[in-house]
Amino acid sequence: MTEQGPIDKTAIRDAATVIVLRDRSHQPSVLMGQRGATAAFMPNKFVFPGGAADPEDANVPFAEPLAPLCHGRLADGVVPDRAPMLAAAAIRELWEETGQILGRPGTWDTPPDAWRGFASSGHVPTAAPLQFVFRAITPPGRPRRFDARFFLLDADDLASDPDDFSAASDELAHLQWIALDKVRSFDLPFITEVVLAEVAARVTDPHPPASVPFFRNDDEESLFLRIHGHPMTD
């Protein structure tokens, strides 16, 4: 997660999370790591790579854009140009926290500061393989609150070796592929367990879901909604 200036702990920040699914046809597993004991948000928990969106994510070029259906659902109820920013944040956080690359070979003219490491790998990010599958807002009363969009990604779409974490930052420890039928034996946040249930239901179906679950928490109530969105056209 890219460090920025002072954080307003009461603000709900846009965030993106990536669920990388591997070997879906015979022994499905997901990429996870453990947050540090002193982390302000979800200490010690095993989580998917992800974090808050950075303003620079809005200025990132894609080798391939988001699929229209995914773009339309991400833009549902928000400023339309936020959808590419969220996809870029997902790709950047995946790179920073695991060293894994979702991109195509290519060069950048002037990469933003937060993207220099990714650009130095010789790749331009690609958003096309990302599938928007879940949205959740952190409940009130937590030390950090995020409006998190969860993206499902097939490990076969990575440009990097899925077992090589040498370029990862130290934000997540014990990076590993965890079999879906073993993952609930780990210390997981509640929302991660909910998302994993959705992922398990999608293992045999590579197509986008009919609608995207939205766990909305605000100061008045908690609601479980569905996002249908609409395809975006030029």
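No value in this document is a laboratory result; all are computed from the given coordinates. Everything numeric in this text was worked out from a predicted model, so none of it was measured. Every residue, glycine as well, gets a Cβ built from its backbone with ideal geometry; the counts of neighbours run over all protein chains shown.
Which of the residues spanning segment 208-220 are free of Cβ contacts under 8 Å to residues at least 40 places away in the same chain and either under 17 Å from the mean Cα position of the chain (by Cα) or over 30 Å from GLY141 (Cα atoms) (or both)?
Matches in segment 208-220: ALA210 only.
Give the residues of segment 173-218 that are part of a helix (DSSP H, G or I) and more than 24 Å from ASP157 (Cβ to Cβ), sorted by residue number.
Within segment 173-218, ARG184, SER185, PHE190, ILE191, GLU193, VAL194 qualify.
Which numbered condition in (1) farther than 29 Å from ARG73 by Cα; (2) exposed (fewer than 11 other Cβ atoms within 10 Å of the Cβ); (3) without any contact (Cβ under 8 Å) to a residue 12 or more places away in the chain is the only one that ASP205 fails?
ASP205 satisfies every listed condition except (1).
So how many residues does segment 73-128 have that are among the charged types (D, E, K, R) and without any contact (Cβ under 8 Å) to a residue 24 or more places away in the chain?
Total meeting the criteria: 3.
Return the total of residues in segment 73-102 being closer than 15 Å to LEU130 by Cα, not hydrophobic (A, V, I, L, M, F, W, C) and not in a helix (DSSP H, G or I).
Residues flagged as closer than 15 Å to LEU130 by Cα, not hydrophobic (A, V, I, L, M, F, W, C) and not in a helix (DSSP H, G or I) within segment 73-102 amount to 1.
Please determine whether any residue of segment 97-104 is closer than 15 Å to ALA16 by Cα and not hydrophobic (A, V, I, L, M, F, W, C).
Yes, that holds for at least one residue.
Collect the residues in segment 33-72 that are part of a loop (DSSP other than H, G, I, E, B), small (Gly, Ala, Ser) and either surrounded by fewer than 18 Cβ atoms within 10 Å (Cβ to Cβ) or without any contact (Cβ under 8 Å) to a residue 40 or more places away in the chain (or both), keeping them in residue-number order.
GLY36, ALA37, ALA39, ALA40, ALA63
Sort out which residues of segment 103-159 are aliphatic (A, V, I, L, M), more than 12 Å from the chain's Cα centre (by Cα) and not in a strand (DSSP E or B), and write them in order of number.
Answer for segment 103-159, where residues must be aliphatic (A, V, I, L, M), more than 12 Å from the chain's Cα centre (by Cα) and not in a strand (DSSP E or B): ALA114, ALA119, ALA128, ALA155, LEU158, ALA159.
For segment 13-32, which positions are of a type in the set (Lys, Arg) and assigned to a strand (DSSP E or B)?
Listed by number, the residues that qualify are ARG13, ARG22.
Which one of these is out of contact with any Lys or Arg (no Cβ under 7 Å at 6 or more places or on another chain), within 13 Å of LEU31 (Cα to Cα), surrounded by fewer than 16 Cβ atoms within 10 Å (Cβ to Cβ) and acidic (Asp, Glu): ASP163, ASP181?
Result: ASP163 is the single residue among ASP163, ASP181 that is out of contact with any Lys or Arg (no Cβ under 7 Å at 6 or more places or on another chain), within 13 Å of LEU31 (Cα to Cα), surrounded by fewer than 16 Cβ atoms within 10 Å (Cβ to Cβ) and acidic (Asp, Glu).
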